[in-house]
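Chemist: Below is a structure I'd like to ask you about.
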């Protein structure tokens, strides 16, 4: 018999809100295994102790932010509405069915109030320490990569300005290496380098000046930020998040962030290997990782030679004699080391003039082949050897299971594909909260499985 339930839901019932939350709801696992009481001590300096109106519970406000990032609610107005009508959210925040939900303006003011401090970073670090206490972080293999985040800015609203860029951060180490190499090869010392400042025209957004105009092969063009993220390979726990403008190269902040992670979480004795994308394959990074005795696996881009000319790998380097040998067994002798750290090796034009491979070798008018080799090239070859080993191939495949999956979850499930706010500090907040929620969810799921 067909019938319809036309009763209006206006009856009074005596129920417990605990019984209305599904037993397998994700918030139940988080509430059971994660203790958020440490947040009170972190936000205490931002509150007055003696006078003023009673404040909203900061732990509840942070939990409300966590709900928004856990379930991909990008608007704080929408978050207020969702909490108002969702029983599980009310239960997680400690609100009864008739309690007033904090206004979205209260949440925005609370977040803005903590913008200048490092509360979000401290909460992120405390969650990492919680994972370490439960042995979810091994500290043996760290995997790093970056992803682009669409800035909250129109790419057509911009101005072109001249920006002064100073020399690279590692210039002192490079100068010392160049001087040592020239001295070893009997060359005169170069004059002290003056600080080089280059004038470059850059596009600056009038909406969000902190963002950077990104132009990369295979990537969208416009104003973006870059989320540089490092994960531990054991359970894919995020250990570091760092935001830069979209026009900053991936390799620029890497060494500083790696040293920051190692010193903060005490990985000096445990860190054994790192796995990186091809964007990090620079001489300086390879040299620093070899000095730290860290097994480095870095992707490598396939560089295609000029059409019609033979590749550089066909010229073999002899370290004992410090020369290159061409496919015809003729030597290219060392000439000098330039200020940028490249050794120059030149062939004998008398041999090249009669060589049958001259047209495939060089197109220079003086019939001289020149090959350059960086003073830190040995470190790059060491990294290449690591990548070709069986262990290196295994570690590089871990990237797709760890860091790539972490970025995919952040964008698909937690709303990190676009920047909600403007300014690098607020974008850093968004990235930290997203990564913190990813870790909270993962820790709760793993501990719940352990508990059976």
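Chemist: What angle, in degrees between 0 and 90 and rounded to the nearest 10, separates the Cα long axis of helix 403-413 from the longest principal axis of the Cα atoms of the chain?
Modeler: Long axis of 403-413 versus the principal axis of the chain: about 40 degrees.
Chemist: How long is the gain from residue 201 to residue 249 if the chain were fully straight, where each residue apart is worth 0.36 nm and the alpha carbon distance is subtracted?
Modeler: Gain on extension, residue 201 to residue 249, equals 15.6 nm.
Chemist: Here is a further query. Among 437-446, 314-323, 397-406, what's the highest-first ranking by average C-beta atoms within 10 angstrom per residue?
Modeler: Highest mean packing first, the order is 437-446, 397-406, 314-323.
Chemist: With label points built 7 Å along Cα→Cβ from the Cα atoms of residue 310 and residue 336, find their separation and express it in nm.
Modeler: Between residue 310 and residue 336, the label points sit 2.7 nm apart.
Chemist: Taking the Cα atoms only, what angle lies between the long axis of helix 424-450 and the longest principal axis of the chain, rounded to 10 degrees?
Modeler: Helix 424-450 sits at roughly 70 degrees to that axis.
Chemist: What order do you get for 271-277, 306-312, 154-160 when each peptide is scored by the mean count of other beta carbon atoms within 10 Å, highest first?
Modeler: 271-277, 154-160, 306-312
Chemist: Hey, another quick one. At a threshold of 8 angstrom on Cα-Cα distance, excluding pairs fewer than six apart, so keeping six or more, what relative contact order does the range 319-372 reach in percent?
Modeler: Relative contact order here is 29 percent.
Chemist: Under a crude label model (7 Å from the Cα following the beta-carbon direction), how far is residue 322 from residue 35 in nanometres?
Modeler: Between residue 322 and residue 35, the simple spin-label model gives 6.3 nm.
Chemist: Okay, next question. Please give the helix 58-70 orientation as an angle from the longest Cα principal axis of the chain, in degrees from 0 to 90, rounded to the nearest 10.
Modeler: Its long axis makes an angle of about 60 degrees.
Chemist: Kirkwood hydrodynamic radius, the chain, all distinct C-alpha pairs: what's the number in Å?
Modeler: With all distinct Cα pairs of the chain included, I get 26.2 Å.
Chemist: Obtain the nm distance between the two label points defined at residue 219 and residue 116 by a simple spin-label model: each point lies 7 Å from its Cα along the Cα-to-C-beta direction.
Modeler: Label-label distance for residue 219 and residue 116, simple model: 3.3 nm.
Chemist: State the Cα centre-to-centre distance between the range 265-305 and the range 354-396 in whole Å.
Modeler: Answer, in whole Å: 19.
Chemist: Please report, in whole Å, how far the alpha carbons of the range 377-439 spread along each principal axis, starting with the longest.
Modeler: Its Cα atoms span 44, 25, 17 Å along the three principal axes.
Chemist: I've got another one for you. Please compute the contact order of the chain in relative form: average sequence separation of alpha-carbon pairs under 8 Å and at least six residues apart, divided by the residue count, as a percent.
Modeler: 20 percent
Chemist: Also: Mean residue ellipticity at 222 nm from the helices of the chain, using -39,500 (n - 2.57) per DSSP H segment of n ≥ 4 over the full residue count, to the nearest 500 deg cm²/dmol?
Modeler: Result for the chain: -12000 deg cm²/dmol, rounded to the nearest 500.
Chemist: Between the range 112-126 and the range 204-232, how many Å separate their Cα centres?
Modeler: 23 Å
Chemist: Counting pairs of alpha carbon atoms under 8 Å apart in space and at least six apart in sequence, what relative contact order in percent does the range 17-114 give?
Modeler: Reported as a whole number, the value is 36 percent.
Chemist: What number do you get for the range 17-114 when its Cα radius of gyration is normalised by 2.2 N^0.38 Å, N = residues?
Modeler: After normalising by residue count via 2.2 N^0.38 Å, the value is 1.10.
Coordinate-derived values only; no laboratory data. Note that the structure is predicted; figures quoted are calculated from it, not measured. Counting neighbours? That spans all protein chains shown, and the Cβs are built from the backbone with ideal geometry, glycine included.
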